[in-house]
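Novice: Take a look at this one; I'll ask things after.
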Amino acid sequence: MKAIVRVCACISVLFLLLCAAALAESFTAIVSSERATVYSDRSCTLALGTMGRYGVVSVEAWSDSVALVKKGSRMGYMRASDLTRATEAGRAAQVTERAKVYKKPNTKSASVTVKAGFKLDLIAVKGSWAMVERGGIVGYMRSKYVRTVEASQTDAAVAQVYAAYVAWDRVTVYQTASSASVSLGTLKRGATVTVRAVSGQWANVEKNGRTGWCMLSALARADEATPATTPAPAADDYLNDTSLSAERRIYLYLTREMGLNTAAACGILANIERECDFNVNDQSYDGGYGIVQWTGERNTALKSWCAQHGYSHTRLAGQLRFLKYELETTQKKTLSYLKAVSDTATGAYNAAYYFCYYFEIPANRTANSVRRGELARDTYWPRYAG
């Protein structure tokens, strides 16, 4: 099956307007395996051909293990584990100067011009071409005109340098501002670093000539106090304490107000990271909104419940209280499971897996549940269990 790219004739409309309706029933996916087989039957026994990494298909229907895909006028079946949604495949990036985005990696193909600062996701770079995505639509542009947000933010904030120390028992340092990126190692409590830039809840730090990204909330300025765990605010005001990261406030709410143990809280945090990267107002192409990406009737219920109880659905406090309401009413089974998990690394994995599988219910359900379980166990449990 020859590689062909699913795009609309007018890529400019899709990139600039982000038409959600066009992807309501299907979505664009990227081949994430080195090479994936395309089959003619759902049982995946009769092979039609193969596709290499970064091949693009339209997923028309899917289950936990199999996806019905389309490329041009041809259709077939692929294993769900070989695919990743286009919207989940890239890293946040922006265009550095006025440039063209092409339908294909060819300057003679249809194109649209975008301005400097235009935001998109960078999926891959091969030679002089970059594969980019926005709103589930894939295009191509010269790699010299696109830069990951982390790099841009670091360059722009170099002047804001200050000394800091690690206030947590241990914090993981990553290659980029994402816990899904490569881990460079850990820093222990009291370790001193130089903060070079801040991006949301992440800090770009330098130590002994090496740089990386860690959670900003794990650090304290060296000129403020003796190294120690940063005290949490009083129980009645931490939700509105903007000096704390959204992640930290969510953890406090889950453990204080909802009475969940650390493992269960870590499981939910892993899901929230994958759903919105702790952007409280994040909105997806299919209408998902907020920390757990409420869609459809649940999105409507979020807004209605918050309005009836005097909260704003755009604020973290309102979303967390509605999450608690959902878990105590329509999602009782999930809450019961979360309250029963062991307060261990395995419990964190189980909580994240269950919450993803039964509460979030994403595409590639099993694969995503496993990845979120691993994130809870390997990243959030070490961060909060110490």
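The values are calculated or read from the model by the stated rules, or taken from the named source; none is laboratory data. Predicted, not measured: the structure shown is a model, and the values here were computed from it. Cβ: placed from backbone, ideal geometry, glycine included. Neighbour counts: every protein chain shown. Only protein heavy atoms, including side chains, enter the accessible area calculation; ligands, DNA and RNA are left aside. Shrake-Rupley method; radii C 1.70, N 1.55, O 1.52, S 1.80 Å.
Novice: Which condition number does Pro362 fail, the rest of (1) in a loop (DSSP other than H, G, I, E, B); (2) open to solvent by less than 20 Å² (accessible area, probe 1.4 Å) being met?
Specialist: Here Pro362 meets the rest and fails (2).
Novice: Let me ask something additional. For residues that are assigned to a helix (DSSP H, G or I) and over 21 Å from Leu260 (Cβ atoms), scanning just the range 301-322, find the one that is least open to solvent (accessible area, probe 1.4 Å).
Specialist: Top of the filtered list is Cys306.
Novice: Those residues that are in a strand (DSSP E or B) and open to solvent by 30 Å² or more (accessible area, probe 1.4 Å), I need them from the range 28-38; list them, please.
Specialist: Arg35, Thr37, listed by residue number.
Novice: Could you say which residue among Val132, Val182 is at pLDDT 80 or above, out of contact with any helix residue (DSSP H, G or I) (no Cβ under 7 Å at 6 or more places or on another chain) and within 30 Å of Gln283 (Cβ to Cβ)?
Specialist: Step by step, each of Val132, Val182 is checked, and only Val132 is at pLDDT 80 or above, out of contact with any helix residue (DSSP H, G or I) (no Cβ under 7 Å at 6 or more places or on another chain) and within 30 Å of Gln283 (Cβ to Cβ).
Novice: Of all residues in the range 238-262 being in contact (Cβ under 8 Å) with a residue 24 or more places away in the chain and among the aromatic types (Phe, Trp, Tyr), which is farthest from Pro382 (Cα to Cα)?
Specialist: Tyr253
Novice: Check off (1) closer than 20 Å to Ala351 by Cβ; (2) open to solvent by 70 Å² or more (accessible area, probe 1.4 Å); (3) free of Cβ contacts under 8 Å to residues at least 12 places away in the same chain for Tyr325 and give me the number that stays unchecked.
Specialist: Among (1) closer than 20 Å to Ala351 by Cβ; (2) open to solvent by 70 Å² or more (accessible area, probe 1.4 Å); (3) free of Cβ contacts under 8 Å to residues at least 12 places away in the same chain, Tyr325 violates only (3).
Novice: Same structure, new question: Residues being closer than 18 Å to Thr334 by Cα and either open to solvent by 30 Å² or more (accessible area, probe 1.4 Å) or among the acidic types (Asp, Glu) (or both): count how many of those fall in the range 260-274.
Specialist: Number satisfying all stated conditions: 1.
Novice: Here are Asp282, Asp286, Asp277: which of them is among the charged types (D, E, K, R), open to solvent by 50 Å² or more (accessible area, probe 1.4 Å) and within 24 Å of Leu216 (Cα to Cα)?
Specialist: Checking each option against the conditions leaves just Asp277.
Novice: So, in the range 81-115, exactly how many residues are within 13 Å of Met141 (Cα to Cα), in a loop (DSSP other than H, G, I, E, B) and of a type outside the set (Lys, Arg)?
Specialist: Looking only at that region, the number is 7.
Novice: Going through Ser304, Ser284 one at a time, which residue ends up being at pLDDT below 90 and either of a type in the set (D, E, K, R) or under 29 Å from Asp121 (Cβ atoms) (or both)?
Specialist: From the options Ser304, Ser284, the qualifying one is Ser284.
Novice: Taking the range 163-190 as the search range and keeping residues that are surrounded by fewer than 17 Cβ atoms within 10 Å (Cβ to Cβ) and aliphatic (A, V, I, L, M), which one is farthest from Asp378 (Cα to Cα)?
Specialist: For the range 163-190, the residue satisfying everything is Ala163.
Novice: May I ask you to say which residue of Ala93, Ala110, Ala89, Ala116 is within 22 Å of Arg134 (Cβ to Cβ) and at pLDDT 85 or above?
Specialist: So the residue among Ala93, Ala110, Ala89, Ala116 that is within 22 Å of Arg134 (Cβ to Cβ) and at pLDDT 85 or above is Ala110.
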